[in-house]
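The values are calculated or read from the model by the stated rules, or taken from the named source; none is laboratory data. Not measured: the values here are computed from a predicted model. In this analysis, Cβ positions are derived from the backbone assuming ideal geometry, glycine residues included, and neighbour counts consider all displayed protein chains. Accessible surface areas use protein heavy atoms only, side chains included; no ligands, DNA or RNA. Shrake-Rupley method; radii C 1.70, N 1.55, O 1.52, S 1.80 Å.
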Amino acid sequence: GDYLQPTVSADHGEWHLEARYNYEERDTASLWGGWNLSFGKHVTLDLTPMLGVVFGDADGIAPGMELTLAWKSLVYYGESEYFFDTEDHESNYFYAWTEVSWQQPDWLRYGLAMQRTRAYQSNLDFQIGPMAGFSVGKTEIAVYYFNPTHEEAFAVLTASIEF
């Protein structure tokens, strides 16, 4: 069924804080802390190594990384973590969200996305599909259509606001 997956993040200098719900698993929250690192001028690389505490229907810790690699209008974004379940080691799990997108004009972003998650139950280990995002000011609405040729096709709608 449908569900809401809110994520709130805040950056202060090189410090990064994040709170998530329904991300690692449904009815589960996580709190994250990490450091923002940036490199490059023409080709830029932004890295945020993080450590998270996960609690709710799943309990554990998770080291993670957010990465953005950009060149002109081409952007690779990756978000990954390895969840260590403190109650059941057989439930340890690798999560991933990846996007490759082209942004042209400035208000339109489109490309491909891939995810691996437990929050959405599927017979497929990875969900892959096209995406498109539309920006106005510091607000973006993006739509992802995973597994478009499979009987388990589904859409994800995201909204982000930068303050």
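Yes/no matrix, rows are residues, columns are (1) in contact with a Pro (Cβ under 8 Å, 6 or more places away or on another chain); (2) touching a residue at least 12 places away in the same chain (Cβ under 8 Å); (3) open to solvent by 50 Å² or more (accessible area, probe 1.4 Å):
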{"residue": "Gly33", "(1), (2), (3)": "no, yes, no"}
{"residue": "Gly40", "(1), (2), (3)": "no, no, yes"}
{"residue": "Met50", "(1), (2), (3)": "yes, yes, no"}
{"residue": "Trp71", "(1), (2), (3)": "no, yes, yes"}
{"residue": "His89", "(1), (2), (3)": "no, no, yes"}
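Could you please give the count of residues in the range 147-163 that are within 19 Å of Tyr23 (Cβ to Cβ) and open to solvent by less than 60 Å² (accessible area, probe 1.4 Å)?
4
Among residues belonging to the range 1-24 that are over 17 Å from Pro63 (Cβ atoms) and acidic (Asp, Glu), point out the one that is modelled with the lowest pLDDT.
It comes out as Asp2.
Suppose the filter is surrounded by 17 or more Cβ atoms within 10 Å (Cβ to Cβ), farther than 17 Å from Arg26 by Cβ and touching a residue at least 24 places away in the same chain (Cβ under 8 Å); does Tyr144 pass it?
yes
Being assigned to a strand (DSSP E or B) and either on the phi > 0 side of the Ramachandran plot or over 16 Å from the mean Cα position of the chain (by Cα) (or both) is the filter here; which residues of the range 35-53 pass it?
Trp35, Leu37, Ser38, Phe39, Val43, Thr44, Leu45, Val53
Being open to solvent by less than 90 Å² (accessible area, probe 1.4 Å) and touching a residue at least 40 places away in the same chain (Cβ under 8 Å) is the requirement here; does Glu25 meet it?
Yes: the conditions hold for Glu25.
Considering only the range 94-112, I want to know if a residue exists there that is of a type in the set (Asp, Glu), modelled with pLDDT of 95 or more and closer than 30 Å to Ile61 by Cβ.
Yes, because at least one residue in the range 94-112 is of a type in the set (Asp, Glu), modelled with pLDDT of 95 or more and closer than 30 Å to Ile61 by Cβ.
With (1) in contact with a strand residue (DSSP E or B) (Cβ under 6 Å, 6 or more places away or on another chain); (2) open to solvent by 60 Å² or more (accessible area, probe 1.4 Å) as the list, and Lys138 as the residue in question, which single condition is left unmet?
Only one criterion is unmet by Lys138, namely (1).
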